[in-house]
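Engineer: The structure's right below; bear with me while I get my questions together.
Just so it is clear, none of the values below were taken in a lab; they were calculated from the coordinates. All figures in this text were calculated on a predicted structure; none of them were measured in a lab. Ideal geometry is used to build each Cβ from the backbone, glycine not excepted, and the neighbour counts take in all protein chains shown.
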Amino acid sequence: MLNTLKKTFKITGWEVMRNLRNKQFIIGIFLTPVLILLFGGLPNLLNRIDRPEERQVYYLNETEAVLNLDDGPLNELVLQEYQGSREGIQESASQAGADGYFILDDNFFQEGQLTLYTFEATTASFAGLQALLNDSLQQYRMEEYGLEQEVVAEVTAVARLQVTSLAEDEIEMGSRVTTAVIFGGGLFFLLITSGSMLLYSALQEKKDKMTEIVLSSISAEGLMAGKIIGHFLLGMIQIGVWFGIGLPLADYFFDFPILEAFFNPALPLFIVFALLGYLMFAALFVGIGSTMEDIQSASNSQSMVFMLPVLPVLIIGPVFSNPGGLLATLGSLFPLTAPIIVIVRTALGVIPVWEIVLSAGILLVTTVIFTLLAARIFRVGMLMYGKSASFSEVLRWLRH
Amino acid sequence: MGVLGPNGAGKTSLIRMIMDINAPDSGSINFNFQNGSGDNWQESIGYLPEERGLYKNASVKDILAFLGGLKGLEKKVAQNRGKEWLEKFGLLDNYRDKIEELSKGMAQKVQFATCVLHEPELLILDEPFSGLDPVSQDLMKEEIRNLARKGTAIMLSSHQMNLVEEVCDRIFLMDKGSKVLYGDLEDIKNEYGNYRVKLTTADSRRLETFLSNNPRIHSFRQNKINWNILLENEVGPAEFIAILPEDLSITEISITRISLHDIFVRVARGGLLDAEYTKEDL
């Protein structure tokens with residue numbers, strides 16, 4: 001037993017070292033977070049670098065109304081009051097390098113219509129100015145109806161809604177969502193990347209015709225276990241590097257309380273579900289991988305298997321919207337979606353204990369069954385050269 | 001010991017069952033190793049499978065350490081012993097090369113080295129000569145003989161029976177998954193290996209008269225002045241020469257035992273023992 005374990009870890013070590021020396025793997029490790037950050041954080045970064053320039057607009061106020069420039073969200077828009085005549089405003093604004101001008105006259109308060117002239121065609125938003133003029137117009141009209149200044153202020157005061165949870169909860173929802181995204185997303189990436197690496201590893205072993213040599217020193221189960229553990233470690237290394245690089249950058253770009261997520265009291269539970277989920281999918285991938293000659297020869301049914309880790313993504317939207325709903329419960333009990341859905345719901349704090357226990361039980365049983373079946377398929381499939389196994393052949397292997 | 005049989009006889013299946021890679025439908029396989037039992041029994045066996053291959057993007061050095069490690073060797077020991085074998089095969093300069101940089105024959109020699117690194121008690125070689133050029137075949141035969149001399153039990157499977165005859169002293173002949181013959185090569189040849197005489201003479205009429213109805217002659221065939229004569233089982237070369245007519249004019253004569261291939265055809269396939277010309281004769 002000890003000897004078998006020793007050899008299993010030798011396989012693990014070999015898989016890890018081979019990949020760590022592989023340029024593609026190394027490039028992939030560093031490139032993936034860069035790509036994610038590039039696509040996720042680039043708009044934010046560009047926004048910071050390329051802030052909209054300050055725009056200046058001249059205006060001539062021919063009315064008694066006072067524009068409350070301190071109150072409105074004018075953003076980058078600067079309003080410059082012009083003290084001259086209606087005829088001179090265009091030239092003065094142009095000479096001053098302003099972007100445009102408008103004239104506030106009684107006509108505006110009668111018809112609610114105002115024209116802003118710009119010197120160049122523009123796609124810039126003038127929503128702030130629009131809101132400011134809107135306020136002035138409302139103010140003017142209410143005063144026209146004889147309402148006192150105080151009454152107007154009271155009537156136009158906005159409602160404020162504050163949501164306070166009655167549940168005794170020290171963790172804020174924002175932090176919970178971050179935790180759910182980090183651990184649920186992390187496991188998803190682990191399944192996708194390590195799963196495909198495992199598949200390629202099994203295919204490569206067949207392509208290199210190494211299976212028989214290795215199986216003359218270790219059992220098929222030992223080889224399979226070594227590969228699964230090896231690629232789990234590789235996945236963890238990958239995720240570790242991603243977090244190492246990604247956390248400080250994400251903190252800078254997205255301003256999320258990411259580190260807090262790791263101090264979640266449910267962390268051990270996340271680890272259990274992540275481990276079981278990884279083992280279940282790893283067994284599935286390595287088993288199916290051993291039945292294939294190469295990736296091109298994968299049949300439709302074999303290809304479908306590699307889409308299975310994506311299942312939770314299909315229901316993650318509804319689960320986030322209604323984490324206590326029927327779909328969330330079903331997703332937590334169905335073993336192929338359970339690891340990610342349970343982690344997300346636990347992080348969000350909306351999953352009953354009985355569901356966690358039942359889900360863990362179903363997942364454990366499924367993982368054990370998948371591993372035993374995969375070992376049977378792996379033993380025969382890895383020695384099959386020249387063609388991919390048909391579904392009926394795989395069934396026959398399972399029966400024997 | 002040579003395991004012989006035509007393609008599809010079950011040689012590789014038998015070996016895979018011995019290696020516990022495939023399970024037998026019935027029966028069991030037991031070893032009697034001096035060292036190694038329990039779950040490290042595989043460390044007493046070296047195995048060169050028929051399907052040749054090594055990790056193409058790994059270096060020879062790493063492969064030696066990895067496969068040696070799986071057989072229970074320390075990394076340094078595996079690499080040092082590997083170097084010794086590479087030196088024997090003239091591949092020491094390729095120690096740090098990747099497998100994909102080696103020729104097929106070179107990679108095959110490296111693979112042979114990996115299965116003898118741990119000095120196994122039993123060495124199983126499945127079609128060890130296939131894919132090798134004649135010079136490399138001779139080198140491989142010599143190393144197999146050397147290992148046997150040092151006490152390694154060697155089980156060698158091949159369908160190239162002439163090569164097996166050169167290195168094996170026991171054979172296990174099989175066909176369609178069953179044993180056909182098993183025993184010492186010489187004993188089998190004595191039992192089944194009649195002598196074949198190839199004789200060239202201009203005096204064909206005289207020879208035909210001598211051969212016809214001769215109880216020591218099993219059968220004979222003529223092709224112009226060339227004769228192929230199969231002696232009866234108990235008749236040896238000396239006896240045949242002694243009974244030849246004294247004044248028969250002979251240009252050439254050779255007497256050899258029939259090959260393992262002929263024995264196989266005779267025993268396994270129910271082929272008639274015949275003096276018919278084989279490809280080699282013509």
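Engineer: Once you average over the residues of B:62-74, how many Cβ atoms of partner chains fall within 10 Å of each Cβ?
Structural biologist: 4
Engineer: Something else now. Per-residue counts of other Cβ atoms within 10 Å, averaged by peptide: what ranking do you get for A:316-322, B:41-47, B:160-166, highest first?
Structural biologist: The densest-packed peptide leads the list: B:41-47, B:160-166, A:316-322.
Engineer: Sticking with this structure for a sec: Find out how many positive minus negative residues lie around A:Asp105, taking Lys and Arg as positive, Asp and Glu as negative, among other residues whose Cβ is under 12 Å from that of A:Asp105.
Structural biologist: -3
Engineer: On to the next question. Net charge near A:Arg86: determine it from the other residues with C-beta under 12 Å of the C-beta of A:Arg86, scoring Lys and Arg +1 and Asp and Glu -1.
Structural biologist: Details: positive: none; negative: A:Glu62, A:Glu87, A:Glu91, A:Asp105.
It works out to a net charge of -4.
Engineer: As an exercise, take the mean of 1/r over every pair of distinct alpha carbons in chain A, invert it, and state the Kirkwood radius in angstroms. Walk me through the numbers before you get to the answer.
Structural biologist: Details: mean 1/r = 0.0378 Å⁻¹.
About 26.5 Å for chain A.
Engineer: Measuring from label point to label point, each 7 Å out along Cα→Cβ, what is the B:Ile243 to A:Ser303 span in nm?
Structural biologist: It works out to 7.5 nm between the two label points.
Engineer: Hey, in the GNM for chain A with a 10 angstrom Cα cutoff, which one of A:Leu38, A:Leu336, A:Leu74 fluctuates hardest?
Structural biologist: Comparing A:Leu38, A:Leu336, A:Leu74 in the GNM, the peak value goes to A:Leu74.
Engineer: Could you compute the FRET efficiency for A:Met1 and A:Tyr252, with r as their C-beta to C-beta distance and R0 at 45 Å, rounded to 0.05?
Structural biologist: That pair, A:Met1 with A:Tyr252, gives E of 0.35.
Engineer: Which far-off residues, 5 or more places away or on another chain, put their amide H under 5 Å from the one on B:Leu123, with H placed in the peptide plane?
Structural biologist: When sequence neighbours closer than 5 places are left aside, the close amide H contacts are B:Gly46, B:Ala153, B:Ile154, B:Met155.
Engineer: Taking chain A as a Gaussian network, Cα atoms linked when under 10 Å apart, which of A:Ile182, A:Ile26, A:Ile89 shows the biggest mean-square fluctuation?
Structural biologist: Residue with maximal mean-square fluctuation among A:Ile182, A:Ile26, A:Ile89: A:Ile89.
Engineer: While we're looking at this one, here's another question. Based on the Cβ-Cβ distance of A:Glu53 and A:Gln95, what FRET efficiency does E = 1/(1 + (r/R0)^6) give at R0 = 25 Å, to the nearest 0.05?
Structural biologist: Working: r = 19 Å, r/R0 = 0.75.
Efficiency for this residue pair is about 0.85.
Engineer: Roughly speaking, what is the centre-to-centre gap between segment A:84-148 and segment B:3-25 when only Cα atoms are used, to the nearest Å?
Structural biologist: 94 Å
Engineer: Order by neighbour count: B:Ile144, A:Ile192, A:Ile49, fewest other Cβ atoms within 10 Å first, most last.
Structural biologist: So the residues, fewest neighbours to most, are A:Ile49, A:Ile192, B:Ile144.
Engineer: Follow-up. Using Cα-only point scatterers and the Debye equation, what is log10 of I(q)/I(0) for segment B:124-282 at each q in 0.12, 0.16, 0.17, 0.19 Å⁻¹, rounded to two decimals?
Structural biologist: Debye curve over Cα of segment B:124-282, log10 I(q)/I(0) at q = 0.12, 0.16, 0.17, 0.19 Å⁻¹: -0.64, -0.96, -1.03, -1.16.
Engineer: Between B:Glu51 and A:Asn75, how many nm apart are label points set 7 Å from Cα along the C-beta direction?
Structural biologist: 6.3 nm
Engineer: Once all Cα-Cα distances of the protein assembly as shown are split into 20 Å bins that start at 0, what whole-number percent is in each one?
Structural biologist: With 20 Å bins starting at 0, P(r) equals 13, 29, 23, 16, 10, 5, 3, 0.
Engineer: Average partner chain C-beta neighbours within 10 Å, per residue of A:345-357?
Structural biologist: Neighbouring Cβ atoms belonging to other protein chains average 0 per residue here.
Engineer: Could you give me the radius of gyration and the Dmax of segment B:1-97, taking only the C-alpha atoms into account and expressing both in angstrom?
Structural biologist: 16.2, 48
Engineer: Can you give the convex hull volume of the alpha carbon atoms of chain B per residue, in Å³?
Structural biologist: 158 Å³
Engineer: Taking chain A as a Gaussian network, where each spring joins two C-alpha atoms under 10 Å apart, which residue of A:Val158, A:Val57, A:Val241 fluctuates the most?
Structural biologist: Between A:Val158, A:Val57, A:Val241, it is A:Val158 that shows the largest mean-square fluctuation.
Engineer: Something else now. Output wanted: per-residue J couplings in Hz (rounded whole) for segment A:318-327, from phi through Karplus 6.51 cos²θ - 1.76 cosθ + 1.60, θ = phi - 60°, x for Gly and Pro.
Structural biologist: Rounded to whole hertz, the list is x, 5, 5, 6, 9, x, x, x, 5, 4.
Engineer: Also, I was wondering about something else. Residues of segment A:72-101 with amide nitrogen under 17 Å from the 7 Å Cα-to-Cβ point of A:Ser125?
Structural biologist: A:72-78
Engineer: Continuing with the same structure: How much FRET efficiency would the formula 1/(1 + (r/R0)^6) give for B:Leu92 and B:Glu186, where r is the Cβ-Cβ distance and R0 is 60 Å, rounded to 0.05?
Structural biologist: Efficiency at R0 = 60 Å is approximately 0.95.
Engineer: Report relative contact order for chain B in percent, whole number only (criteria: Cα-Cα under 8 Å, sequence separation at least 6).
Structural biologist: Reported as a whole number, the value is 20 percent.
Engineer: What's the long-distance tail for segment B:188-246, i.e. % of Cα pairs beyond 14 Å?
Structural biologist: Numbers: 911 of 1711 pairs.
Summing the P(r) tail past 14 Å for segment B:188-246 gives 53 percent.
Engineer: Which percentage, to the nearest 5, of the DSSP beta bridges contained in the protein assembly as shown is antiparallel?
Structural biologist: Counting only bridges with both partners in the protein assembly as shown, antiparallel ones make up about 55 percent.
Engineer: Helix-derived [θ] at 222 nm for chain A: sum -39500 (n - 2.57) over DSSP H runs of at least 4, divide by residue count, nearest 500?
Structural biologist: Roughly -21500 deg cm²/dmol at 222 nm, from the helical runs in chain A.
Engineer: Residues of A:203-213, mean number of Cβ from any other protein chain within 10 Å of their own Cβ, rounded to a whole number?
Structural biologist: Mean shielding count: 6.
Engineer: Provide the gained length on full extension for the span A:Glu148 to A:Leu42, in nm with one decimal, where the gain is 0.36 nm per separating residue minus the Cα-Cα distance.
Structural biologist: So the chain would gain 33.1 nm between A:Glu148 and A:Leu42.
Engineer: Any chance you could run the full-extension gain for A:Asp294 through A:Thr118? It's 0.36 nm times the residue separation minus the Cα-Cα distance, nm to one decimal.
Structural biologist: Taking 0.36 nm per residue and subtracting the Cα distance, the gain is 57.0 nm.
Engineer: Would you calculate the separation in nanometres between label points at B:Asn80 and A:Trp354, each defined as 7 Å from the Cα along the Cα-to-beta-carbon direction?
Structural biologist: So the two model labels end up 6.7 nm from each other.
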